[in-house]
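Heads up, the thing below is written out as structure tokens.
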Amino acid sequence: MQDTRLSVATAEIAALRKRLARERAARLEAELAAEKGFRDLYEQQSRLQLLEAIAVAANSSASVHDALEFAVTKICLYAGWPLGHAHLADDAFARKLRPTTIWFVADRERTREFRRATGEIHFERGMGLPGRVLETGAPLWLVLPAGEPSSEGLTPRDEYAVRAGLKTALAFPVLAGTEVVAVLEFFSDTRQQPDEALLRLMSQIGTQLGRVAERRRAEERLRHDANHDSLTGLPNRALFKARLSQLVARHARDPGEGFAVLFIDLDRFKMVNDSLGHMAGDRLLVQVAARIMAALRQEDIVCRSAADGHEVLSRLGGDECTVLLESVGSAEDALRVGNRIIDGMTAPFMVEGQEMYVGASIGVASSESGYASGDDAMRDADLAMHRAKSLGKGRCELYDHSLHALAARRLALETRLRKADVAREFVLHYQPIVSLASGDLAGFEALVRWKPQGEALVFPNDFIGVAEDTGLIVPIGAWVLGRACSTMREWQRRHPCDKPLTISVNVSAREFAQPDLAARMGGIIAESGIEPGIVRLEITESMTMGNIDKTVEVLTRLRALGVRLSIDDFGTGYSSLSYLHRLPFDVLKIDRSFVLKMDRDEEGKQIVRTILSLARSLHMEVVAEGTETATHADLLRRMGCDYAQGYHYSRPVDEACAEQLIVAFAARDLARQRTCAG
Ligand code: C2E
Ligand code: MG
Ligand code: MG
């Protein structure tokens, strides 16, 4: 009985013990679970804290460098990893990484060699741990080989890592969008298996840091935009002026450091812009910039040009550019560079399927003139550029002190011209045009002169340019046409002849661009009462280049007035023969430079022959300008040229003399012709 009770008690005790053990195990399990939960929670929280700290630092840091430095340190402290480093992508294409000075180092001595080796490597895509991250754009966890140093498959840098006792590595990219801008790598001296949560955290940090890089880039872009021309990407006026000031200051400190400013203005650009439109003008400018750049990049360049020809060329606006030459030996060297740019412009440009020629006029100011400010150097380069323009364009001129006097004269001329009374201060001179076959007078060209009160005659080359710039050419042109027509009407009345004389009048580029030109000219001719058929409007060849359709339209409208059209100064404008046949010209005037060249050699004669046969095939009459000698006249006649104009017959003469010439020619009175012609 007692036995039975004992055994029952024992069983109960055993059961109780079991229960106790079970409950203890359950409680332990619960405690463990709770602890793990806490731990996880804690871990999660400290990860969040890390992420937040880095995000805050990234947003407030002054540079990408600062943000990376902060992140590398924080991550090492958080993970308890003793070594961290940042590599930066070396350019916008992120083809390579370069080492930086950004390190976290717990133990300097032990890791010295490894850090030195890392600092010497530019990792390419796919190369080593950083290169692999650069290539894939994803984080990477690596357990370093346990092998002895120099065991197979180890890179030299890995060998240093193993020697330094580093056992695990982790690297992740800093991503701006999809582009890797930096790679951060960390090393641990314990062997650890990949920790997915940690890798995820690193990805998030990489994205946060990437935002700084993106923001920095946007700021840089803004700064770049403020200093560069949006069309060509070239530095703009502000940046150019800042650089020029630096050069002036440097030259003041060190006179051995010479510099030069080249001021470039395109010839005929306005015409392209006006006739083809701004889009075409813009496209042309981009091509021109590339040509200039190519000229600057040539190897035997005589000076140092910053950054391979880039950045030395600036666009000030419109068709004005400047080139800054550093460390130029002499002004002659700068001129050589200028001439090279001009040479580079001789080939045609293709814009919207049209060939066009633009040249450049360049003014040079060199530090040899001694400048106290960049603005002074600019002003002189600008003056020299205007000198290049007035000497016939397509050339490079060096500033010298006489230019100031010239500029002052031009300014005075401009002021006076603005106030000029057109009807009173301008006079017309007339130059005969003679038929080569018969020797008869065929007509006159009216050439304007300015006679400011109490002063000598001013010739067109000295004021037409200014009159064009100021717009005064329009009233002058109207007066010239009216005066020439009414004078001719008067001569016709007093000296009637079988074949009426023609009257040629020059049209300026500015007038040519006026939309109501034909209507206004029609009115003036009608008012004078002469037959429109005897009027010849001279349009210089260069004015017809540019937009061919527009030119054809204007010429057609003029021709509808019943007048005839002459292409003036032919041969100087590079007009393309392929479009010449579309232009409704009746007369071609060979530029006098070709007539002069006939004296030189057979080739000179051949050119004139070629122009003559071209004109013939286009059914145009030909006038040879600048016929200065009997030999010229004789040659031209034998070549079949129709008319000649030049000093051989007469210089341009005033109205009274011109009238005497009419009489003398009619009477075939050569002696009298000579006295009239002066
Ligand atoms: P252009 O129309 O080609 O006129 C011919 C120029 O050559 C004239 O110069 C004339 O005096 C000069 N010339 C004539 N024969 C000879 C010669 O045998 N040898 C040399 N060396 N020169 C000769 P000018 O009168 O000084 O006029 C120069 C230019 O000014 C003209 O060239 C024309 O483009 C422009 N011009 C003249 N009058 C007017 C005008 O009323 N309106 C406009 N828009 N332009 C004008
Ligand atoms: Mg003319
Ligand atoms: Mg001419």
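The values are calculated or read from the model by the stated rules, or taken from the named source; none is laboratory data. From a predicted model like this one, the values you see are computed outputs, not experimental measurements. Cβ atoms come from the backbone with ideal geometry, glycine included; neighbour counts cover every protein chain shown. Each accessible area value is taken on the protein alone, full model and side chains, heavy atoms only, with ligands, DNA and RNA left out. Shrake-Rupley method; radii C 1.70, N 1.55, O 1.52, S 1.80 Å.
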(message) Taking the conditions exactly as written (out of contact with any His (no Cβ under 6 Å at 6 or more places or on another chain), assigned by TED's automatic domain parsing to the domain that holds L262, β-branched (V, I, T) and modelled with pLDDT of 95 or more), does V364 satisfy them or not?
(response) yes
(request) Working only within segment 444-462, note down all residues that are away from ligand 2 (no atom under 12 Å from the Cβ) and surrounded by 14 or more Cβ atoms within 10 Å (Cβ to Cβ). (result) R449, W450, K451, P452, V458, F459, D462
(request) Looking for whichever is assigned to a loop (DSSP other than H, G, I, E, B) and surrounded by 16 or more Cβ atoms within 10 Å (Cβ to Cβ) here; the options are I102, I121. Which one fits? (result) I121
(message) Show me the helices (runs of 4 or more DSSP H) entirely contained within segment 553-656 in which 2 or more residues are within 16 Å of ligand 2 (Cβ to nearest atom).
(response) 592-597
(request) Considering every residue within segment 577-584, establish whether at least one is without any contact (Cβ under 8 Å) to a residue 60 or more places away in the chain, within 30 Å of the chain's Cα centre (by Cα) and buried (at least 21 other Cβ atoms within 10 Å of the Cβ). (result) no
(message) Test of understanding: among G258, G233, which residue is open to solvent by less than 50 Å² (accessible area, probe 1.4 Å) and at positive phi?
(response) G233
(message) Of the residues A633, A658, A666, A677, only one is more than 16 Å from ligand 3 (Cβ to nearest atom), among the small types (G, A, S), on the phi < 0 side of the Ramachandran plot and outside the structural domain of A560 (by TED's automatic domain parsing); which?
(response) A677
(request) Quickly run through segment 369-423 and pick out the residues that are part of a loop (DSSP other than H, G, I, E, B), among the charged types (D, E, K, R) and in contact with an Asp or Glu (Cβ under 6 Å, 6 or more places away or on another chain). (result) K393
(request) Return the residue satisfying two criteria in turn: it lies in segment 527-552 and is within 25 Å of G392 (Cα to Cα) and away from ligand 2 (no atom under 16 Å from the Cβ), and of such residues it is modelled with the highest pLDDT. (result) T551
(message) Quick check on segment 444-464: of everything there that is small (G, A, S) and more than 10 Å from ligand 1 (Cβ to nearest atom), which residue is nearest to H429 (Cα to Cα)?
(response) A456
(request) Return yes when E602 is at pLDDT below 95 and open to solvent by 20 Å² or more (accessible area, probe 1.4 Å) and no when it is not. (result) yes
(request) Please enumerate the residues belonging to segment 465-514 that are in contact with a Ser or Thr (Cβ under 9 Å, 6 or more places away or on another chain), assigned to a strand (DSSP E or B) and within 11 Å of ligand 1 (Cβ to nearest atom). (result) S504, N506, V507
(request) Identify, by number, the condition in (1) more than 42 Å from the chain's Cα centre (by Cα); (2) under 14 Å from I433 (Cα atoms); (3) in a loop (DSSP other than H, G, I, E, B) that F665 doesn't meet. (result) (3)
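To keep it simple, each residue is scored yes or no on (1) free of Cβ contacts under 8 Å to residues at least 40 places away in the same chain; (2) over 44 Å from the mean Cα position of the chain (by Cα).
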site: P145; (1), (2): yes, yes
site: T155; (1), (2): yes, yes
site: A161; (1), (2): no, yes
site: A164; (1), (2): no, yes
site: K167; (1), (2): yes, yes
site: V181; (1), (2): no, no
(request) Take the residues in segment 491-513 that are surrounded by 15 or more Cβ atoms within 10 Å (Cβ to Cβ) and more than 16 Å from ligand 2 (Cβ to nearest atom), then tell me which one is modelled with the lowest pLDDT. (result) A513
(message) Of everything in segment 515-568, what is within 13 Å of ligand 1 (Cβ to nearest atom) and either open to solvent by 50 Å² or more (accessible area, probe 1.4 Å) or small (G, A, S) (or both)? Give them in sequence order.
(response) S542, S566
(message) Would you confirm, using the coordinates I've provided, whether E621 is open to solvent by 50 Å² or more (accessible area, probe 1.4 Å) and in contact with a strand residue (DSSP E or B) (Cβ under 6 Å, 6 or more places away or on another chain)?
(response) yes
(request) Give A615, A644, A658, A671 a once-over and let me know the one that is within 21 Å of A442 (Cα to Cα), at pLDDT below 95 and open to solvent by less than 10 Å² (accessible area, probe 1.4 Å). (result) A615
